[in-house]
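Every number here is computed from the coordinates shown, using simple stated rules; none is lab data. Fair warning: this is a prediction, and the values are worked out from it, not measured in the lab. All Cβ positions, glycine included, derive from the backbone under ideal geometry; neighbour counts span all protein chains shown.
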Amino acid sequence: MTDNQDLLAMTHVGEDPSKYMKSVTPPIFMNSLHVFDSVDDYFAVDIFKDEYYYGRASNPTVTILEKKMAALEHGSRAVVFSAGMAACAAAILAVCKTGSHVICMKASYGPVQHLLNDFLKEKMEITVTYVDGTDLKDFQEAIRPETDMIILESPSTLIFSVVDLEGVAKLAHEHGIKTYIDNTYSTPVFQKPLDMGIDIVMHTMTKYIGGHSDLIGGVLISKDEEFMQKIMVQRDWFGGVLGPMEAWLAIRGLRTLDVRMQRHYETAMKVAEFLENHPKVKHVYFTGLKSHPQYELARKQQKGECGLMSIEIDGSAEDTAKFVDSLKIFERGCSWGGFESLAIAYTYNWSEEEQAFHNLNRSIVRLHCGLEGAENLIEDLSQALDKI
């Protein structure tokens, strides 16, 4: 059951109708700057106290969204960005320095690994150790004197492995290492990593926060106010700001986040149970199933599941592509977290090197169960599986 304070955060926190003509919905402040009565007033602006002078530094609509996200994740402050990757890059650059060592989940988001491997390695001589992460020993053995950051994703959004967040946080703090997690899968409704000791939480707001597949955005939240002020200044310098229109759309999405997540959870459970018992499905990756090897840890950390899962087709890569192409309600697309159901043959074009790195074959399909109803989705999956 969702906490009452979470429900208020999604619906009312950060808003003050008395400031905008008693409107139940806050306006979109589509301005790039604010003007002042005097020189002294201009130079007295403090953006950390919700004061405004230039849109790259702060915006009133954006502030409302940030207050909601901070409240939802139990952080001191949230800072929103133009994309999830902008938020991720900001966190890494705020924590790491030239020569830093990073420990990262093997199953983390691909572009994060590209940022580390193909850019930061060359530009900042950052080194990375990739770990499975399902055992605390993976992290313990990877720590070096120069380790500054651990990058987590739990559950991961391809094979849905789960990390012991309290255990990793404790280990990291003993060594002075900052921990970061992509919490997009669970949303603040189902998991609160900051309360388990994680330092920095990131959400791709493109997914469930927005919920309607009509915005791109990211957010960082932490209990460390000094760190978050640093992040706010850094966003100003790098320019990865979220526009007021996107902020307003995210505010709108948050109002229904709880009810949407409950429906995604209910639908995904029925779909996963159907797929687990289908003869043409070799394996279902979903932390809501009791067959998941980390089911008990997931239940300890998560209040529920989102609509995302992966399956391994019992067949060739060509069979897998045929299955995906035969789906009618599930559209073929790379994202997730919106109202619509999606399917992607995630590993279809992977090289042998990529398959070996992740220990997966080319028959993995990632599914997002939208809001079309479990029975409709099961019927669609059933007819597509019958084609192979």
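When the dipole is taken about the Cα centre of the chain, and only Lys, Arg (+1) and Asp, Glu (-1) are charged at their Cβ, what size is it in debye, to the nearest 20?
360
When a/c reaches 1.5 or more, the comparison of a/b and b/c decides; with that in mind, is the range 154-274 rounded, prolate or oblate per its Cα gyration tensor?
Since a/c reaches 1.5 but b/c is at least a/b, the shape of the range 154-274 is classed as oblate.
Give me the angle, in degrees from 0 to 90, between the Cα long axis of helix 225-238 and the longest principal axis of the Cα atoms of the chain, rounded to the nearest 10.
90
Using a Förster distance of 25 angstrom, determine the FRET efficiency expected from the C-beta separation of Lys137 and Lys290, and round it to 0.05.
For R0 = 25 Å, the calculated efficiency reads 0.50.
What base-10 log of the normalised intensity I(q)/I(0) is obtained for the chain from the Debye formula, alpha carbons as equal point scatterers, at q = 0.07, 0.08, 0.12, 0.14 Å⁻¹?
The Debye formula, applied to the Cα set alone, gives -0.33, -0.42, -0.94, -1.24.
Please list, in order along the range 375-381, the HN-Hα scalar couplings obtained from phi with the Karplus expression 6.51 cos²θ - 1.76 cosθ + 1.60 (θ = phi - 60°), rounded to whole Hz, x for Gly and Pro.
For the range 375-381, the Karplus-derived couplings read 4, 5, 5, 4, 4, 5, 4 Hz, x marking Gly and Pro.
Amide H of Glu51 versus every other amide H placed in the peptide plane: which residues, excluding those fewer than 5 positions away on the same chain, fall under 5 Å?
Answer set, sorted by chain and number: Asp46.
Roughly how big is the range 251-370's charge dipole about its Cα centre, with Cβ charges of +1 (Lys, Arg) and -1 (Asp, Glu), in debye to the nearest 20?
Charge dipole, the range 251-370, about its Cα centre: 620 debye, nearest 20.
Could you list which residues have their amide H under 5 Å from that of Ser310, counting only those 5 or more apart in sequence or on another chain, with H placed in the peptide plane?
Tyr285, Leu367
Between Asn117 and Asn31, what is 0.36 nm times their sequence separation minus the Cα-Cα distance? Round to one decimal in nm.
Using 0.36 nm per residue and subtracting the Cα-Cα distance, I get 27.1 nm.
Could you rank the peptides 63-73, 319-329 by their average count of other C-beta atoms within 10 Å per residue, with the highest value first?
Packing proxy ranking, top to bottom: 63-73, 319-329.
Roughly how tilted is helix 165-174, in degrees to the nearest 10 and between 0 and 90, from the longest Cα axis of the chain?
Helix 165-174 sits roughly 50 degrees off the main axis of the chain.
What's the angle, to the nearest 10 degrees (0 to 90), between helix 257-276's Cα axis and the longest principal axis of the chain?
Roughly 10 degrees between the two axes.
Taking H as built 1.01 Å from N, whose amide H comes closer than 5 Å to the amide H of Lys178, not counting residues under 5 places away?
Met149, Ile150
What ³J(HN,Hα) values, in whole Hz, does the Karplus curve 6.51 cos²θ - 1.76 cosθ + 1.60 give for the range 355-360 when θ = phi - 60°, with x put for Gly and Pro?
Result, rounded to whole Hz: 4, 5, 4, 9, 6, 10.
Which one of Pro279, Ser213, Tyr265 has its Cα pushed farthest toward the positive end of the charge dipole of the range 198-327, where Lys and Arg give +1 and Asp and Glu give -1 at the Cβ?
Tyr265
Which whole-Hz couplings ³J(HN,Hα) result when phi for each residue of the range 206-215 is put into the Karplus expression 6.51 cos²θ - 1.76 cosθ + 1.60, θ = phi - 60°, listed in order with x for Gly and Pro?
Computed from phi, the couplings for the range 206-215 are 3, 7, 6, 4, x, x, 10, 6, 9, 8 Hz.
Based on alpha-carbon centroids, what's the gap between the range 290-331 and the range 1-74 in Å, whole number please?
39
Report the gain in length on full extension from Tyr348 to Val24: 0.36 nm times residue separation, minus Cα-Cα distance, nm rounded to one decimal.
111.9 nm
Can you give the calculated 222 nm mean residue ellipticity of the chain, where each DSSP H run of n ≥ 4 adds -39,500 (n - 2.57) and the sum is split over every residue, rounded to the nearest 500 deg cm²/dmol?
Helix contribution divided over all residues of the chain: -11000 deg cm²/dmol.
From the Cα gyration tensor of the range 261-375, with a ≥ b ≥ c the square roots of its eigenvalues, which class applies: rounded if a/c is under 1.5, or else prolate if a/b is larger than b/c, or else oblate?
Because a/c hits 1.5 or more and a/b fails to exceed b/c, the range 261-375 counts as oblate.
For the range 1-92, rounded, prolate or oblate, judged on the Cα gyration tensor with a ≥ b ≥ c (square roots of eigenvalues), a/c < 1.5 rounded, else prolate if a/b > b/c?
oblate
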